[in-house]
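Q: Have a look at this one.
The values are calculated or read from the model by the stated rules, or taken from the named source; none is laboratory data. In this text, all values refer to a predicted model and were calculated from it rather than measured experimentally. When we count neighbours, we look across all protein chains shown, and the Cβ atoms used for this are built from the backbone with ideal geometry, even at glycine.
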Amino acid sequence: MRKGFIVIAIMGIISSCGQRYISPGELDIILRKNDIVIVDLRNEKKYADGHIKGAVSAEYHEATFIRDITTLDRKSEIILYCGEGIKSDKAASLMKEKGFKSIKILRGGYSSWVNAGFSTER
């Protein structure tokens with residue numbers, strides 16, 4: 001019983017950091033909404049090679065990322081993804097600092113989307 005409590009406590013700490021993760025299946029359902037913004041954090045070449053339909057490119061690079069997100073509506077629901085899910089946490093934290101209200105992260109990034117069999121576009 002004690003181990004279960006520790007796991008629940010750790011999960012509570014992780015979720016209290018404010019990052020909300022979604023699965024590829026959840027994203028597929030969310031994509032049917034008209035008022036979401038999907039942001040691809042990978043570099044331009046990877047974006048051009050294939051991305052989730054409707055995604056905008058905003059490479060997570062300190063020199064350009066803040067400039068690239070200034071055109072996004074801070075009140076919109078934002079879905080972030082990178083290649084494998086590593087840069088998304090950092091990007092989400094930075095976006096929250098800049099006033100974005102609703103940010104979700106695709107767990108496992110673009111790789112998880114493709115591996116789950118969902119379509120992409122070029």
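Q: State all residues of the stretch 32-58 that are surrounded by fewer than 11 Cβ atoms within 10 Å (Cβ to Cβ) and either without any contact (Cβ under 8 Å) to a residue 40 or more places away in the chain or under 13 Å from Leu106 (Cβ atoms) (or both); if no residue qualifies, say none.
A: Passing the criteria: Arg32, Asn34, Glu44, Lys45.
Q: Let me ask something additional. Can you tell me which residue is modelled with the lowest pLDDT among those in the stretch 30-58 that are part of a helix (DSSP H, G or I) and under 15 Å from the mean Cα position of the chain (by Cα)?
A: Across the stretch 30-58, the extreme among qualifying residues is Ile30.
Q: Among the residues of the stretch 85-122 satisfying the criterion of being aromatic (Phe, Trp, Tyr) and outside any helix (DSSP H, G or I), which is farthest from Ile38 (Cα to Cα)?
A: Kept after step one, since they are aromatic (Phe, Trp, Tyr), are these residues of the stretch 85-122: 100, 110, 113, 118.
Going one step further and asking which of them are outside any helix (DSSP H, G or I), we end up with 100, 118.
Working: Phe100: 13, Phe118: 15 Å.
Checking each candidate, the answer is Phe118.
Q: Here is a follow-up. For the stretch 62-84, does any single residue satisfy the condition of being assigned to a loop (DSSP other than H, G, I, E, B), of a type in the set (Gly, Ala, Ser) and touching a helix residue (DSSP H, G or I) at 6+ places or on another chain (Cβ under 9 Å)?
A: Looking for residues that are assigned to a loop (DSSP other than H, G, I, E, B), of a type in the set (Gly, Ala, Ser) and touching a helix residue (DSSP H, G or I) at 6+ places or on another chain (Cβ under 9 Å), one finds at least one in the stretch 62-84, hence yes.
Q: Filtering the stretch 89-122 down to residues that are among the charged types (D, E, K, R) and out of contact with any strand residue (DSSP E or B) (no Cβ under 9 Å at 6 or more places or on another chain), which residue is nearest to Leu72 (Cα to Cα)?
A: Lys98
Q: Answer yes if at least one residue in the stretch 20-29 is assigned to a loop (DSSP other than H, G, I, E, B), at pLDDT 50 or above and exposed (fewer than 13 other Cβ atoms within 10 Å of the Cβ), and no otherwise. Don't jump to the end; show me each part of the working.
A: Filtering the stretch 20-29 for residues assigned to a loop (DSSP other than H, G, I, E, B) gives 23.
Next cut, at pLDDT 50 or above only: 23.
If we keep only those that are exposed (fewer than 13 other Cβ atoms within 10 Å of the Cβ) too, we end up with none.
No, there is no match, as no residue in the stretch 20-29 is assigned to a loop (DSSP other than H, G, I, E, B), at pLDDT 50 or above and exposed (fewer than 13 other Cβ atoms within 10 Å of the Cβ).
Q: So, one more: Restricting to the stretch 59-94, and then to whatever is among the hydroxyl-bearing types (Ser, Thr, Tyr) and under 14 Å from the mean Cα position of the chain (by Cα), can you tell me which residue is surrounded by the most Cβ atoms within 10 Å (Cβ to Cβ)?
A: Of all residues in the stretch 59-94, those among the hydroxyl-bearing types (Ser, Thr, Tyr) come to 60, 64, 70-71, 76, 81, 88, 93.
From what's left, under 14 Å from the mean Cα position of the chain (by Cα): 60, 76, 81, 88, 93.
Values: Tyr60: 22, Ser76: 14, Tyr81: 30, Ser88: 26, Ser93: 14.
Looking at the filtered set, the residue picked out is Tyr81.
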